[in-house]
Every structure is written in structure tokens, then in C-alpha cells.
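Working notes, beginning with the structure itself.
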Amino acid sequence: MEKEVSRTDKFRDFLIKALSVFYVAYIGYFIISFFASPQQVVVGLIALSAIFVSLMQVRLFTARMGAWVSGGLITALALIWLFIGLYFYTEYPSLLYERDGANNTLDYVLAVLLIVLTLVFTYICYGLTIPLVVTVFLLYGLLGQFLPGFLYHPGMRLERLLQETSLSFSGMFGMLPQVGLKYVAIFIVFAGFVRVFGGMDYVIDMVRHLARRNERMIPQIGVLASMIFGSFTGSAAANLAGTGAFTIPLMKQHGIPPKVAGGIEAAASAGGQIMPPIMGTTAFVIAEYLGIQYLDVVVAGVFPAILFYFSIVVAVYIITLIYMKPTHNKRTFENEDKIARQGSSWDGICLALGMGAIFYLLVVPRLDAMTCGFYGVVVYLVAQIFLRVVVPSRRRSAKDLARTLVDGSVRAAAGTAPIILLLACLGIVVKILVGSGLSTRLSYGLVELGGNHMVPVIMLVMLVCILFGMAVTTVAAYILTVIVAAPALQSFGIPDLATHFAIFYFAMLSAITPPVAGIIPIACGLSGSGYMETAWESMKLGVAKYLLPFCFIFQPDLLKLDGDGLVAFLRVGVGIIAITAGLQIRYPGAVVSVTRALLLAVGFLALFSSYTAMAWGAVAVSVVMLGLVSIYWRKKLDANPA
């Protein structure tokens with residue numbers, strides 16, 4: 001029996017690897033093909049994604065049903081998906097141009113199967129929430145005529161619903177999954193190859209090297225590593241698990257309380273998606289919604305990302321002054337070095353070449369993000385292959401090199417497939433929201449509920465984003481909210497880019513905001529701290545993420561990389577640092593309490609005062625107070641050396 005299972009596992013692994021290579025090649029085919037229709041290619045990508053997910057879940061099915069039953073089920077599902085994918089792919093011209101609105105029975109049957117199976121596989125990847133939301137909207141599309149008030153709409157016949165969501169190649173095959181194909185997929189492919197070739201190990205080793213020089217840098221390892229690591233993963237949970245496994249124990253060894261160590265890593269990990277030049281999936285969706293280049297979104301994100309991470313660096317520095325006592329122990333990293341491979345500078349050079357190619361092509365010829373990502377992958381792989389063929393110390397056999405390339409393809413497919421299925425599901429929701437007119441009615445309802453006042457409407461939008469984010473991913477929360485909330489905010493004259501960035505940042509808040517705070521349990525598991533205390537520390541450390549969306553709305557120049565943007569950057573930066581310092585100074589006493597209260601007050605004035613003179617006066621007071629606090633801390637440190 002064990003031999004049989006082992007043989008089955010080997011065959012499954014072979015299929016996964018073969019499919020992964022084909023998956024990556026399929027994405028590459030679309031990029032280099034000038035005539036391939038994105039809608040047609042998305043059909044194949046959804047089918048391939050589902051087949052890949054089913055193969056990855058074989059062990060789960062086997063544990064529940066037994067090897068033979070699970071094997072039969074997976075085979076049947078894979079064949080069904082293969083048939084659906086080939087049917088829609090080959091019938092694409094006919095469905096779109098000849099049978100539009102006059103579909104046959106087989107079209108409708110396969111459309112129902114497509115929707116149902118996509119929901120099932122999204123459930124496998126993300127849990128019940130998203131499929132449940134999609135099911136509710138499908139029922140709403142069918143039964144809207146029976147609903148009261150603003151929920152009413154004439155309703156759709158089943159045939160029309162299937163045409164709108166799939167057979168017309170919108171909805172499931174529309175803008176959202178096309179964003180996944182055009183932009184998201186190639187950057188996940190890039191991240192997959194960087195991981196298997198050791199690029200991320202190099203980054204982590206470099207950050208660790210900084211800490212060897214100054215032990216007070218140890219808590220900053222988590223911040224710096226998460227900043228870089230997160231821009232590749234696009235996932236706060238993966239970011240936290242990947243970096244926190246070694247940064248949190250290190251911080252605890254040097255006197256940082258468990259709840260604070262977990263809070264530092266959670267706050268830093270939750271910001272990886274905002275870090276240029278490779279921002280998370282949501283940034284690509286923003287560019288597509290607004291009809292602007294991805295580079296414009298990257299440029300808009302520069303100052304906010306700097307402010308967010310700099311505020312965490314300042315907060316962590318204050319924490320190190322309070323808790324850490326340097327040991328000057330040269331063996332601090334002895335155990336961790338057994339875990340983390342010593343990165344070679346060659347890996348850093350290859351990573352720099354790949355990232356440099358992406359950045360150059362974005363900025364100079366201003367190519368689209370998909371093409372830039374493709375050439376970045378090519379440059380990185382050519383550099384790594386050259387390295388392993390020419391450099392004696394890094395030379396590898398052709399078999400080892402091929403195995404590494406295949407492993408990178410598996411990582412790329414594993415990262416891309418669930419996102420494609422998610423975006424296909426959300427495409428259904430968007431189509432029904434817009435087609436039924438509900439998005440417009442909800443937008444007007446938000447404005448009315450806020451009493452036609454901007455600040456209450458903004459608070460309601462933030463609440464909606466956090467509520468959605470508690471159940472779904474950042475990109476899903478953004479998409480579900482932006483359709484309804486963007487028109488409501490824009491009705492107050494808020495610029496489009498500021499509106500979308502505010503919703504983007506609001507959508508990320510749920511990662512560290514109770515009652516769900518999705519990544520906090522991971523931090524608690526790694527640090528051994530309590531849930532609420534860790535969440536509170538993370539919220540204090542990540543306070544900039546709560547403030548910046550309001551700054552985008554009241555200081556939209558912050559999203560410009562020019563003189564006006566620099567002025568806004570200085571004003572907002574000083575205000576956020578003052579608030580951060582006010583939250584992090586932890587010593588008891590009346591003087592300290594008054595200092596904290598004053599820092600918080602002048603920080604908020606600097607950010608949100610509508611009187612320019614008062615705002616800049618608050619900036620000046622903040623700078624003076626921060627200087628005095630810094631001098632006080634330095635004297636205290638000198639008087640009590642380690």
C-alpha cells in the first residue's frame with residue numbers, strides 16, 4: 001500500500017511540475033503574442049488554474065476519501081475543466097460574434113458548470129466567504145424583482161445572467177481576470193524564480209549583516225526584510241510567516257516583549273503591498289480602473305510608502321531605546337545562521353539586474369508593466385543561468401539547473417492560480433453590481449447616510465473596507481468597495497487617484513484591525529503573545545496606515561512626485577512622526593503624559609488643519625518637540641550605558 005501511495009505521489013508531483021512549466025509558458029505566450037485576445041487566453045488560464053489547484057489538493061482529498069476515490073474525483077474534475085477550457089477557447093469567435101444572445105443548450109450547460117466549479121475551487125483556495133458573496137449576487141441578479149426599496153431591479157432570466165457573467169466573455173473573463181493575466185501573473189512568476197534561486201535569502205542575509213554591526217538594528221530587520229519581501233509576495237500573511245520566523249525570536253532574545261515583537265513584524269508585514277516598484281495586485285487593478293499606466297500608480301505610491309515605513313522605523317527605534325540592552329555578543333546569530341543560507345553577492349547582482357531592467361523599462365521607454373515584468377524575468381534568468389554555467393564557485397549541472405527552473409515554475413503557478421480564480425469570481429460580482437444598477441444606488445445611499453458631509457462618508461467607506469477586508473483579501477475588499485464608494489467620494493470633488501488610493505489603504509487595514517485582524521494570529525503563534533495585546537501594538541506601530549488615506553483626501557498633492565508633493569510630504573511626514581512618537585513613548589509620569597498628549601495634538605493639527613499658518617505652526621512645534629525628546633533620550637541612554 002505504501003509503495004502504491006508513493007507511486008501515486010510521484011506521478012502527482014510529475015503532473016504538477018509539468019503543468020507548472022506549461023502554465024508559465026502559457027503566460028509567456030500571451031505576452032510575446034501580439035494577436036492573442038486577452039479574453040480568450042483568460043479562458044485557458046482559468047481552466048489551467050483550476051486543474052493546478054485540484055492537483056495540489058490531492059493529499060487533502062486522499063485523506064478524506066481514500067486514494068482511489070480521490071484519484072477518480074481529481075481525474076474527473078481535471079477532464080471536465082479541460083473540456084470547458086478547450087470548448088470556450090475554440091468556440092471564442094463563434095460565441096462572441098455569431099451566437100451572442102442566441103446560445104445553444106450546450107453553451108448554457110457549460111456556463112453553469114464553469115461558474116459552479118469556479119466557486120468550488122475558490123472555496124478550496126480562500127474558504128467559504130467569497131463563494132458565498134458571489135452566490136448571493138447571482139441570486140440577486142435572478143430575483144431582484146422580488147426585493148424591496150433600493151435593492152429592487154427588474155431581474156434577469158437565467159439565460160441572460162449566464163450571458164452577462166460568462167458567455168459574452170465579460171464578467172468572469174472581463175477586466176479583473178485580465179488584470180491578473182496581463183500584470184499580476186508575470187510579477188508572481190518573477191517572485192517565484194527569485195525565491196528558488198536564492199534572491200530572497202540574499203536580501204535577508206544582507207539585512208542580518210546590518211544587525212551584526214549594531215545590535216540595536218535587530219528589531220529593524222523585521223521592518224526592512226518585510227518591506228522588501230512583501231513587495232514580492234503581495235501577501236501580508238506570507239510576508240509575516242517568511243520573515244517573522246527568524247526576526248521575532250531574535251527580538252525576544254534581546255529584550256523586546258513578545259507582544260511588541262509580534263506587533264512590529266505584523267505592522268511591517270501588512271505594508272508590503274504598498275512598496276514600489278513592484279506593488280501588490282491592487283495597484284494593477286487601480287491602473288486598469290483609472291486607465292492610467294502602472295508607472296503612474298507606482299510614482300503616486302512613493303511618498304506614502306516612505307512615510308509608512310519611516311514611521312515604523314522611528315517607532316521601532318524608540319522601542320529599542322526603552323527595552324533593548326546590547327549584549328555585544330558575537331554569537332547572536334549562530335543558531336539563525338544554521339537556518340538561513342549565507343547569500344552570495346552574485347545573487348544580489350542577479351536580483352539587481354532583474355529589478356533594474358523592470359525599473360528602466362517602466363521609466364525610460366515607459367513600456368507597460370506586463371512587458372517590463374517579462375523582460376525582468378528574462379534578464380534575471382539569463383543572469384542566473386550564466387552564473388551557474390560560467391562562475392566556478394556557483395557552477396551547477398544542467399540537471400540541477402533544470403530542477404531549479406521547474407521549482408520556480410511550481411512556485412509561480414501556486415501563487416498565480418488562486419488569484420486568477422478569485423478575480424474570475426469577483427468579475428461576476430462586479431458585472432451584477434453594475435448591470436443591476438445597485439452600485440449607483442448604494443453610492444447615493446452612502447452619501448445620504450453620511451448626511452451629505454464628507455468626513456462621515458469617508459468614515460463609512462473606511463468601515464465598509466475594513467468589514468470586507470475581514471472576510472476577503474485586500475484586492476477583493478478594494479474591488480467590492482471601490483465600485484460603491486468611489487462615486488460617493490468623487491461626488492465631493494476628491495480626485496480619482498486620491499479616491500482609489502484611500503480605498504486601497506483602507507482595504508489593507510483589516511489585516512491588523514480586530515476583531516478579525518487576519519495576520520495577528522500568525523504573529524501570536526510566532527511570538528507567544530496574546531491576541532488583543534499584539535493587535536493593539538501592531539495598530540500603534542502601523543498608525544500611519546490609518547492616517548494616510550485621510551491625508552490622500554485632504555492633501556492629494558502627497559501623491560505627486562514634484563515640488564507640491566514634496567511640500568505635502570514634509571508636512572504629513574512631520575505630523576505622522578509626531579503622532580507615532582506620542583503613541584510609543586512608554587515611561588510613566590506626568591511630564592511624559594503631557595508630552596505625549598502635546599505630540600498627538602500638534603501631529604493631528606499638522607495633518608488636518610484647514611488653516612495653512614496653523615498647520616505649519618504645528619509642524620514647527622512638532623519638530624522642536626521631537627528634537628527635545630530626542631535629546632532627552634540620548635542623555636538618558638548615555639547616563640545608563642549597557
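The values are calculated or read from the model by the stated rules, or taken from the named source; none is laboratory data. Predicted, not measured: the structure shown is a model, and the values here were computed from it. Virtual Cβ from ideal backbone geometry, glycine too; neighbours counted across all protein chains shown. All accessible areas refer to the heavy atoms of the entire protein, side chains included, with ligands and DNA or RNA removed. Shrake-Rupley method; radii C 1.70, N 1.55, O 1.52, S 1.80 Å.
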**Study point:** Gyration tensor over alpha-carbon atoms, the range 11-54, equivalent ellipsoid semi-axes in Å
**Key:** 22, 12, 5
Point to revise | Dimensions in Å of the range 509-612 - Rg and Dmax from alpha carbons | key: 16.1, 46
Check your understanding: With a Cα-only, solvent-free Debye model of the range 394-549, what are the log10 I(q)/I(0) values at q = 0.09 Å⁻¹?
Key -> -0.42
Check your understanding: What percentage of the solvent-accessible surface of the range 454-596, computed with a 1.4 Å probe over protein heavy atoms, is contributed by carbon and sulfur atoms?
Key -> 72
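Can you flag which of Lys10/Lys399; Lys17/Lys399; Lys252/Lys540; Lys17/Lys182; Lys182/Lys540; Lys259/Lys545 are past 26 Å Cα-Cα?
On the way: Lys10/Lys399 18 Å; Lys17/Lys399 15 Å; Lys252/Lys540 19 Å; Lys17/Lys182 23 Å; Lys182/Lys540 37 Å; Lys259/Lys545 20 Å.
From the list (Lys10/Lys399; Lys17/Lys399; Lys252/Lys540; Lys17/Lys182; Lys182/Lys540; Lys259/Lys545), the Cα-Cα distance tops 26 Å for Lys182/Lys540.
What does the charge add up to near Arg403, with Lys and Arg as +1, Asp and Glu as -1, over the other residues with Cβ less than 14 Å from its Cβ? Show your work: numbers first, answer last.
Values: positive: Lys17, Arg388, Arg396, Lys399, Arg411; negative: Asp13, Asp400, Asp407.
Neighbour charge sum, excluding Arg403 itself: +2.
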Study note, to complete from the structure: Taking every other residue with Cβ under 10 Å from the Cβ of Thr534 and scoring Lys and Arg +1, Asp and Glu -1, one gets -2
Revision key, fill the gap. Cα extents of the range 505-565 per principal axis, largest first, Å, are 46, 18, 14
Check your understanding: For the Cα atoms of the chain, what angle does the longest principal axis make with the long axis of helix 543-554, in degrees from 0 to 90, nearest 10?
Key -> 80
Revision key, fill the gap. Taking every C-alpha to C-alpha distance in the chain and binning by 10 Å from 0, the per-bin percentages run 3, 15, 24, 26, 19, 9, 3, 1, 0
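With Cβ to Cβ distances under 14 Å as the rule, what net charge do the other residues near Leu548 carry (K, R +1; D, E -1)?
Working: positive: Lys545, Arg571; negative: Asp557.
Taking every other residue near Leu548 into account, the sum is +1.
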Check your understanding: Among all stretches of the chain without exposed chymotrypsin sites (Phe, Trp or Tyr not before Pro) (DSSP loop, at most 10 other Cβ atoms within 10 Å), which one is longest?
Key -> 36-610
Review point. Just the accessible area for Leu139, please: 1.4 Å probe, Å², rounded to the nearest 10?
Key: 90
**Study point:** Spatial separation of Cα centroids for the range 151-205 and the range 345-382, in angstrom
**Key:** 22
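For the range 357-441, state the average projected area of the convex hull of the C-alpha atoms over all orientations, rounded to one decimal in nm². Show your work: numbers first, answer last.
Working: hull surface 34.6 nm².
Spelled out: convex hull of the Cα atoms, projected over all directions, averaged, 8.6 nm².
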Practice item. Determine, at each q value in 0.25, 0.26, 0.28, 0.30 (inverse angstroms), the log₁₀ of I(q)/I(0) that the Debye formula gives when each Cα of the range 66-127 is one equal point scatterer. Key: -1.09, -1.12, -1.19, -1.24
Revision key, fill the gap. The helix 563-584 Cα axis meets the longest alpha-carbon principal axis of the chain at an angle in degrees, between 0 and 90 and rounded to 10, of 70
Practice item. Grab the DSSP H runs of the chain that are 4 residues or longer, score each as -39,500 (n - 2.57), total them, divide by all residues and round the 222 nm result to the nearest 500 deg cm²/dmol. Key: -25000 deg cm²/dmol
